[in-house]
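Read-outs: derived from the displayed coordinates by stated rules, not from any lab. The shown structure was predicted, so the numbers you read here are calculated from the model rather than taken from an experiment. Note that we place each Cβ from the backbone using ideal geometry, even for glycine, and neighbour counts take in every protein chain shown.
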Amino acid sequence: MTRLVRPRRQVTLAGLAAAALLASPLLATSPASAEPTAQPQPAASTAPSLIPKPSNQQALPGQSFALQPWSLVGLETSAKESRAARKVADGLTSQLRRSTGYPLPIIPAVPGLVDLKLSTNGPASLGAEGYQLRADRSTLSVVAATPEGLFRGVTTLRQLLPAKAESKTRQAGPWRISGTAISDSPRYGYRGAMLDVSRHFFSVAEVKRYIDLASLYKLNKLHLHLSDDQGWRIQVDSWPRLTTYGGSLETTGTPGGSYSKAEYAALVQYATDHFMEVIPEIDTPGHTNAALASYAELNCDGVAPPLYTGTEVGFSSLCVGKDITYDFLDDVFREVAEQNPGSVLHLGGDEAHSTPHSDYLTFVPKASALVTKQGKKVMGWQEIAETPLPPGSIAQYWGTDDNRSRELARKAAAQGAKVVMSPANRAYLDMKYDASTPIGQDWAGLVSVQKSYEWNPSTLIPNLPESAIAGVEAPLWTETLDDVDKLEYMAFPRLPGIAELGWSPASALDWKTYSDRLAGQGSRWDALSVNFYRAPEIAWR
Ligand code: TNX
């Protein structure tokens, strides 16, 4: 038993770790005997409520692991990956120190000494995001081939611990995990959350909170909808009025805002630390009123429209025939590309209802070329599939099972583009849950928790080859959502379901077992103060 063995190890280890441990005021004032630690535990009767469900998980009957006041965290990593791996270890231990009150020092992983082992030295066969996790009577280990894989494994580890491990304040143990062996890797490489910061502006701190919550479910892309009719939110030095004027308001006319380059850099760093790639969207040629209002010369008639604070779509368009339009986009895409280390730039392309169709067909290839000029791949809403797309492009399906949208997805695939699945009648987090939902929209229908989960990304569109599907994304449009509580209410509990569709094998997708696992997330969201919708069809616990 750990408790009997550990004092002997402490005696033989005169190094840093033991010193740190023995110096801990916690051990002096709060003896470990207060914790019920060493009794053998029965095997867990129910599997822990993991979302997304791992691709392989086995119980180790009769075994369990418990974090103890003296637990040592071992980090095993290569010189090249040590900084990123250390950040992952720090992220986990700083949270667990808060909730357990244990010191949990991080030391190099000495076999047999450490209780919690975190390693990025696993086999390359695990892939960039895969990991193995094992909890047995002596050790809890997460082994990956990269810091990213380690991060994904750590999110599983957090869900294996009691929900109170997510608390900001010290809680009573025990901190026990039933014996388990997990080997896990994702179904799709693209698992996104989109946040519309244009219709309502959200501060860096608010976006960080969304990153915290989305990354817990292994989402790996943060698509930021940075410009629309109602506001321009990213600083562009060569066209400063985009933010100073075009970003000044938001829907309903309340003050808007924008990210300075320094703020945006902090946001990107935070996303990077949570292994989410930021995908910036500059919506074109429609959804551009904020830009058109900021610069009269961008308008075909040379007259700047007023700022717009309503919720209509499809009334604005860049002037496709003017050269300045492309000078403008060249500058914007260059400065946006500079601020985003990721490989993709989203040029929108949706709902260009006031752009003549022939103009649209002229515009998108020209805009696409300005994106690839910056070394980025083109991403756009499904409509861009009507135009020739550069190699490596991604079209984002937002249909509602309608034939036109399906045809656009097939057109994208036929050109060799990948498709990201965001069916509006399933994956749009701004759709109301039911008729009584006080916020949100319903143009794509009511989207219950079950409806948002019960679909298969690879078979939703008939005759779309599975190989064309890059993954899934859940957009959160914010016409009706003006604070973080409302974002959380619409995203939770549906966002974790989309995350599972993106991560777990198709064979694992099952509403009955999912809804039972989802029920177990409720106490976790309480510990994290998430304002989630307590959907009545879920037996929250
Ligand atoms: C459609 S979906 C839009 C957005 C709106 C959203 C509201 C898409 C590509 N465009 O402009 O915000 O519906 O649900």
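Each listed q (0.10, 0.12 Å⁻¹) maps to a log10 I(q)/I(0) for region 281-369, found by the Debye formula over equal Cα scatterers with no solvent: -0.24, -0.34.
Counting pairwise Cα distances across region 420-527, what percent come out greater than 23 angstrom? Don't jump to the answer; show the numbers that get you there.
On the way: 1617 of 5778 pairs.
Tail of the P(r) past 23 Å holds 28 percent of the pairs.
To the nearest ten degrees, helix 357-373 and the longest principal axis of the Cα atoms of the chain are 50 degrees apart. Stokes-Einstein diffusion for region 83-238, with the hydrodynamic radius set to the Kirkwood value over Cα pairs and evaluated at 25 °C in a medium of 0.890 mPa s, equals 141 µm²/s.
Can you order the peptides 415-424, 399-408 by their average number of other Cβ atoms within 10 Å per residue, highest first? Walk me through the intermediate numbers first.
On the way: 415-424: 22.6, 399-408: 15.5.
My ranking of the peptides, most packed first, is 415-424, 399-408.
Given N residues in region 98-172, what is Rg(Cα) / (2.2 N^0.38 Å)?
Normalised Cα radius of gyration, region 98-172: 1.16.
Over region 276-331, the hull volume per residue, using the convex hull of the C-alpha atoms, is 104 Å³.
Can you give the translational diffusion coefficient of region 213-367 in µm²/s, computed by Stokes-Einstein from the Kirkwood radius over Cα pairs at 20 °C and 1.002 mPa s?
On the way: Rh = 15.9 Å.
The calculation lands on 135 µm²/s.
Helical content alone sets the calculated 222 nm signal of the chain at -9500 deg cm²/dmol, taking -39,500 (n - 2.57) per DSSP H segment of four or more residues and averaging over every residue. Annotation for THR459 and ASP442: the two label points, set 7 Å from Cα along the Cα-Cβ direction, are 3.1 nm apart. Amide H contacts under 5 Å for TYR533: PHE492, restricted to partners 5 or more places along the chain or on a different chain, H placed in the peptide plane at 1.01 Å from N. Packing, as the average of other Cβ atoms within 10 Å across residues, places the peptides 250-256, 186-192, 361-367, 432-438 in the order 186-192, 361-367, 250-256, 432-438, highest first.
Remark: ASP90, ASP273, ASP430 ranked as ASP90, ASP273, ASP430, counting other beta-carbon atoms within 10 Å and listing the fewest first.
Assign one of three labels to region 360-401, namely rounded, prolate or oblate, based on the Cα gyration tensor with a ≥ b ≥ c the square roots of its eigenvalues; rounded applies when a/c is under 1.5, prolate when it is not and a/b is larger than b/c, and oblate otherwise.
Numbers: a/c = 2.71, a/b = 1.57, b/c = 1.72.
Judged from the Cα gyration tensor, region 360-401 comes out oblate (a/c at least 1.5, b/c at or above a/b).
Our note on the geometry: Cα centres of region 465-529 and region 100-152, 26 Å apart.
For every other residue with a beta carbon closer than 14 angstrom to the beta carbon of ALA468, add +1 if it is Lys or Arg and -1 if Asp or Glu, then tell me the sum. Residues near ALA468 contribute +2 overall.
Annotation: amide H of VAL278 within the under-5 Å range of LEU222, GLY342, sequence separation 5 or more or interchain, hydrogens built in the peptide plane. Entry note, the chain: relative contact order of 13 percent, from Cα contacts under 8 Å with a spacing of 6+ residues.
How big is the Kirkwood radius of region 500-541, worked out from every pair of different alpha carbons and given in Å to one decimal? Final number for the Kirkwood radius of region 500-541 is 11.3 Å.
For a distance above 29 Å, tell me the whole-number percent of Cα pairs in the chain that qualify. If you can, show how the numbers build up before the last one.
Values: 78696 of 146070 pairs.
So the portion of pairs separated by more than 29 Å is 54 percent.
Start at zero, step by 10 Å, and the Cα-Cα distances of region 163-214 spread as 16, 27, 32, 22, 4 percent across the bins.
Any number yet on Rg/Rh for region 43-100, C-alpha, Kirkwood?
On the way: Rg = 15.0 Å, Rh = 14.4 Å.
We get a ratio of 1.04 for region 43-100.
When the Cα atoms of region 329-433 are aligned to their principal axes, the ranges along those axes come out at 39, 31, 28 Å in descending order. Summarising the overall dimensions of region 151-242 from its C-alpha atoms, the Rg and Dmax are 18.5, 58 angstrom. Ordering ALA409, GLY392, GLY502 by the projection of their Cα atoms onto the charge dipole of the chain, which places +1 on the Cβ of Lys and Arg and -1 on the Cβ of Asp and Glu, puts GLY502 at the extreme positive end.
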